[in-house]
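Colleague: After the structure tokens below, expect a handful of questions from me.
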Amino acid sequence: MKKYLILTTLFVLSAVLGGMMAVAMAQSSDTNINYKGQPPPSAIAPSMSAFSQDVCALPVSGAFSGGVFGISGGSVVTDANCERIKLAKTLNDLGLKVSAVAVLCEDERVFRAMLNSGSPCPVMGAVGDTALKVWSEIKPNEVKKVYGGKLPKFDSVSLDGDTK
């Protein structure tokens with residue numbers, strides 16, 4: 001083992017000394033370096049990855065290289081709709097179906113679709129006709145848009161779910 005270590009050390013030293021001598025011999029006092037026609041330095045965009053298909057992030061990177069300087073950078077953009085869907089799926093898997101629907105209803109398109117389907121989004125624990133009544137008080141313009149400018153008629157309903 002000692003023999004290999006000594007041989008490797010000698011080889012490295014001879015390579016370093018030989019390289020230094022070659023550089024010293026190649027240098028001259030009247031060397032002119034002409035940079036005309038050479039390409040500018042490259043700017044290389046960083047490689048970015050989300051590492052998985054189960055991530056709600058989109059990596060974005062870019063670079064610019066000019067005649068004098070180059071610049072590059074990158075970032076990650078979060079997809080809020082993807083996060084909302086994953087949260088709703090997790091809540092549903094835990095058996096919290098009303099909570100899952102409530103998370104999806106944070107999107108105005110889902111909110112409007114739920115009203116159109118006759119099953120409004122849950123609000124303050126209320127579902128069904130009780131939720132529709134509460135939504136018509138909270139967001140009357142949205143409910144009027146869906147129902148053609150007219151609010152639906154309600155039986156007397158309380159937030160406890162009791163009809164009177």
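Colleague: Just give me the residues in region 84-106 being charged (D, E, K, R) and either touching a Ser or Thr at 6+ places or on another chain (Cβ under 8 Å) or buried (at least 16 other Cβ atoms within 10 Å of the Cβ) (or both), in sequence order.
Modeller: The answer is 84, and nothing else.
Colleague: May I ask you to list the residues in region 121-151 that are more than 20 Å from residue 109 (Cβ to Cβ), surrounded by fewer than 13 Cβ atoms within 10 Å (Cβ to Cβ) and of a type in the set (A, V, I, L, M)?
Modeller: Across region 121-151, the qualifying residue is only 124.
Colleague: Which one is nearest to residue 88 (Cα to Cα), of the residues in region 118-138 that are under 31 Å from the mean Cα position of the chain (by Cα) and without any contact (Cβ under 8 Å) to a residue 24 or more places away in the chain?
Modeller: 121
Coordinate-derived values only; no laboratory data. None of these values were measured; they are calculated from a predicted model. Positions of Cβ are backbone-derived with ideal geometry, glycine not excepted, and every protein chain shown enters the neighbour counts.
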